[in-house]
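Asks: Okay, handing you the structure first.
Quick note: the coordinates plus some simple rules give every number you see, no bench work behind them. For clarity, every value in this text was computed on a predicted model and none was experimentally measured. Ideal geometry is used to build each Cβ from the backbone, glycine not excepted, and the neighbour counts take in all protein chains shown.
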Amino acid sequence: MQELAEMRQRLAELEASGARPAPSGALLDQADDAVRESVARYRSMFDGVPVGLYQTSSEGQILDANPALVKMLFYPDRETFLKAGAADVYVDPQSRERWQALMEREGVVPDFEMQMRRFDDSVIWVKDSARVVFDANGSVLYYEGALEDITERKGAEEALKQTMAELARSNAELEQFAYVASHDLQEPLRMVASYMQLLQRRYQGKLDADADEFIAYAVDGAKRMQALINDLLAYSRVSSRGKPFEPIDCEVVLDEALANLQMAIEESDAVIIRDPLPTVMADGTQLMQLFQNLIGNGIKFQNGRAPHVHVSTERQAGEWVFSVCDNGIGIDPRYHERVFAVFRRLHTREEYPGTGIGLAICKRIVERHGGRIWVESQSGEGSTFHFAIP
Amino acid sequence: MTSQRIGKPIEILLVEDNPGDVRLTLEVFKESKMHNNLSSVGDGVEALAFLRREGKYIQSPRPDLILLDLNLPKKDGREVLAEIKEDPDLRRIPVVVLTTSQAEQDVLRSYNLHANCYISKPIDLEQFITVVRSIEDFWLAIVKLPSR
């Protein structure tokens, strides 16, 4: 802009002085036309784009602004806007200072987000992308930049941030609630279960067959509820009692998990195949529980065959992908998501005992480690559980 | 080993505030082959009055064993434990902490206060019976206690 203005000025001076060099008159006319056309094209673009464009002096005085910017900031016309000072448009004087410092240091200010005051005193969020323009000698001529109204996006971001904060709070509350509820439920339930068992112990066979049956159902129900509450407590402890992450040798952790499963392994003649495992950043106790649950499932969900469980790992795109592969009964693909839900079971308790918390705990542990867990399986063809952690 | 006490019941003091637990413990001890007399008090203040034979407890027997819950009204089990173990006369009586608390700090604190042992009360009755039998076997039959 400035350069073109200067050129035009020089041309006008030359014309006025009549000192037009004769031989190149036509040529100069042509050049003049080209400059005029270029200026016109530039002006038309400047005036027409839907993005706010501006030029300011290094002192912050507005030199030029396009109609889009004048409109964005609600000024009645360009002239009024050019008279506005930095103090009029910057809501936070510090953001102007940070902008200036950045510009002086870097020569560009990319994607600078700030609030601006409009002519009617309302405030909008804008994104400013600006750069410094030098003259031939390297001294600052002016700054030029583009402003985009991002109020709507900012509003959405703000709303999202609030929703996230609320979600985190309500999650924490829910966790606390689950813990307290299950913990406090244990006491009265212990009374119910104990006295039911005492009734059974003292009066079994002394009342009548109905009484024996009723008491047996009550005892069974109380015991099951105790198991559920215990599992719910274990589930909520994954986050409430989690330990900080430290380098964990997965070999050692797997040893512990297999030691805990020793009875099940011996009783079922299970064969466990293990590949070398790495050291990862993790909560060792939880990682052990994860292995124990997955391998334990591989041993448990069988149809009379001797279980084969293969534990392996692979480095993929910056994370460790662990796999626990078994030769068990497999899982129909339509249940692949559901098996990870709390207390979700695919079989009756008579077929396979348990409350259905194991994989939910696995999922929670993996997620606490910033990872993912999933299963590949077909009904009747074994299952492979994978989990990836950084 | 219990021959010295033939004819004389073994005295046990249960410090427990939940009547359901008191009765349950009583019932389990009732099934015991060992001749025992279980007394119970519902809070820490009562427990110390019982042990020091104060007020209405002037006639109370000196227990051979104390079963102590930690969470009690008025004076809680930790304070009772501390006072018993500071008392030159009472400190010889073995104190079995029997509580539902599994908190690491309760275990540590109890032993620091010289509890003779710490037992987490099992949720299941059968297991509770096993625990009570073990307490009887160990503290009242195997262990040689000072005479009253």
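Asks: How high is the relative contact order of region B:92-148, given as a whole-number percent (alpha carbon pairs under 8 Å, six or more residues apart)?
Replies: Across region B:92-148, relative contact order equals 34 percent.
Asks: Taking every pair of alpha-carbon atoms in the protein assembly as shown, what share in percent sits in each 20 Å bin, from 0 to the bin with the longest distance?
Replies: 15, 27, 24, 17, 11, 4, 1, 0
Asks: Once the convex hull of the alpha carbons of region B:30-74 is built, what does its volume come to per residue, in cubic angstrom?
Replies: 92 Å³
Asks: How big is region B:63-127 by the Kirkwood estimate over distinct Cα pairs, in Å?
Replies: 12.1 Å
Asks: Next up: What residues qualify as long-range amide H neighbours of A:Tyr90, i.e. H under 5 Å apart, gap of 5 or more or another chain, H built at 1.01 Å from N?
Replies: A:Arg117
Asks: Based on the Cα gyration tensor of region A:282-349, what are the three equivalent ellipsoid semi-axes, each the root of five times an eigenvalue, rounded to whole Å and given largest first?
Replies: Semi-axes, largest first: 22, 15, 14 Å.
Asks: Starting from the coordinates of the alpha-carbon atoms of region A:77-212, obtain the Kirkwood hydrodynamic radius over all distinct pairs and give the value in Å to one decimal.
Replies: 21.5 Å
Asks: Would you work out if region A:222-371 is rounded, prolate or oblate? Take a ≥ b ≥ c from the square roots of the eigenvalues of the alpha-carbon gyration tensor; rounded if a/c is under 1.5, else prolate when a/b is larger than b/c, oblate otherwise.
Replies: Oblate, because a/c is 1.5 or more while a/b does not exceed b/c.
Asks: Compute the acute angle (0 to 90°) between the alpha-carbon long axis of helix A:151-203 and the principal axis of greatest extent of the alpha-carbon atoms of chain A; round to the nearest 10°.
Replies: The angle comes out near 10 degrees.
Asks: I would also like to ask the following. Hey, what number do you get for the protein assembly as shown at 222 nm if only DSSP H runs of n ≥ 4 count, each worth -39500 (n - 2.57), divided across all residues, to the nearest 500?
Replies: Helices in the protein assembly as shown give a 222 nm mean residue ellipticity of -15000 deg cm²/dmol.
Asks: Between helix A:25-48 and chain A, what is the angle of the helix's C-alpha long axis to the longest principal axis, kept within 0 to 90° and rounded to the nearest 10?
Replies: Result, in degrees: 40.
Asks: Calculate, in whole percent, how much of the Cα-Cα pair population of region A:60-116 lies beyond 12 Å.
Replies: Cα-Cα pairs in region A:60-116 separated by more than 12 Å: 68 percent.
Asks: Still on this model: Using θ = phi - 60° and the Karplus curve 6.51 cos²θ - 1.76 cosθ + 1.60, what whole-Hz ³J(HN,Hα) does each residue of region B:45-53 get, with Gly and Pro shown as x?
Replies: Here the 3J(HN,Hα) series is 5, 4, 4, 5, 5, 4, 5, 8, 6 Hz.
Asks: Something else: Which links in A:Lys71/A:Lys154; A:Lys127/A:Lys154; A:Lys71/A:Lys127; A:Lys206/B:Lys33 stretch past 18 Å when you go from one Cα to the other?
Replies: A:Lys71/A:Lys154; A:Lys206/B:Lys33
Asks: Build a GNM of chain A with springs between Cα atoms under 10 Å: which of A:Ala130, A:Ala86, A:Ala26 gets the top mean-square fluctuation?
Replies: The residue with the greatest mean-square fluctuation here is A:Ala26.
Asks: For chain A, with a Gaussian network of springs between Cα atoms less than 10 Å apart, report the residue from A:Gly48, A:Gly354, A:Gly330 with the top mean-square fluctuation.
Replies: Per the Cα network of chain A with a 10 Å cutoff, A:Gly48 tops the list.
Asks: With the contact rule set at Cα under 8 Å and sequence spacing of 6 or more, what percent relative contact order holds for region B:1-100?
Replies: Dividing the mean separation by the residue count of region B:1-100 yields 29 percent.
Asks: Can you list the chymotrypsin sites (Phe, Trp or Tyr not before Pro) in region A:272-380 that are in a DSSP coil and have 15 or fewer other beta carbons within 10 angstrom?
Replies: Here the chymotrypsin sites (Phe, Trp or Tyr not before Pro) that fit, given the DSSP loop and packing criteria, are A:Phe343.
Asks: Please list 3J(HN,Hα) in residue order for region B:80-94, calculated via the Karplus relation 6.51 cos²θ - 1.76 cosθ + 1.60 where θ = phi - 60°; whole Hz, with x for glycine and proline.
Replies: Karplus-based 3J(HN,Hα) across region B:80-94 equals 4, 4, 4, 5, 4, 6, 8, 8, x, 8, 8, 4, 6, 6, x Hz.
Asks: Of all DSSP beta bridges located in the protein assembly as shown, what percent are antiparallel, nearest 5?
Replies: Close to 70 percent.
Asks: Right, something else. Region A:180-227 to region A:257-294: how many Å between their Cα centroids?
Replies: Centre-to-centre distance over Cα atoms comes out at 34 Å.
Asks: Now, a different point. Test of the criteria: in region B:14-51, which trypsin sites (Lys or Arg not before Pro) are in a DSSP loop and have at most 14 other Cβ atoms within 10 angstrom of their Cβ?
Replies: The qualifying sites are B:Lys33.
Asks: Under a GNM of chain B (C-alpha, springs under 10 Å), which listed residue has the highest mean-square fluctuation: B:Arg78, B:Arg91, B:Arg109?
Replies: It is B:Arg109.
Asks: Tally Lys and Arg at +1 and Asp and Glu at -1 over the other residues with C-beta under 12 Å from the C-beta of A:Val238: what net charge comes out?
Replies: Once positives and negatives cancel, what remains is +2.
Asks: If you wrap a convex hull around the C-alpha atoms of region A:314-390 and split its volume per residue, what is the figure in Å³?
Replies: 86 Å³
Asks: In whole Å, what are the Cα extents of region A:144-300 along the three principal axes, biggest one first?
Replies: 97, 43, 22
Asks: Given C-alpha coordinates of region A:136-230, what is the ratio Rg to Rh with the Kirkwood estimate of Rh?
Replies: A ratio of 1.66.
Asks: Here is a follow-up. Angle, helix A:209-240 long axis vs. longest principal axis of chain A, Cα atoms, 0 to 90°, nearest 10?
Replies: 30 degrees
Asks: By counting other Cβ atoms within 10 Å of each Cβ, how are A:Cys362, B:Cys117 ranked from fewest to most?
Replies: Least to most surrounded, the residues fall as B:Cys117, A:Cys362.
Asks: What does the structure give for A:189-201 when I average, per residue, the other chain Cβ atoms found within 10 Å of the residue Cβ?
Replies: 5
Asks: Rg and Dmax of region A:220-304, Cα atoms, in Å?
Replies: 15.1, 44
Asks: What is the distance in Å between the Cα centres of region B:90-148 and region A:85-143?
Replies: 74 Å
Asks: Check which residues have an amide H placed less than 5 Å from B:Leu14's amide H, if you skip close sequence neighbours.
Replies: Counting only residues 5 or more places away or on other chains, the set is B:Ser39, B:Ser40, B:Val41, B:Leu67.
Asks: If Rh is defined by the Kirkwood formula over all Cα pairs and Rg also comes from Cα, what ratio Rg/Rh do you get for region B:15-118?
Replies: 0.94
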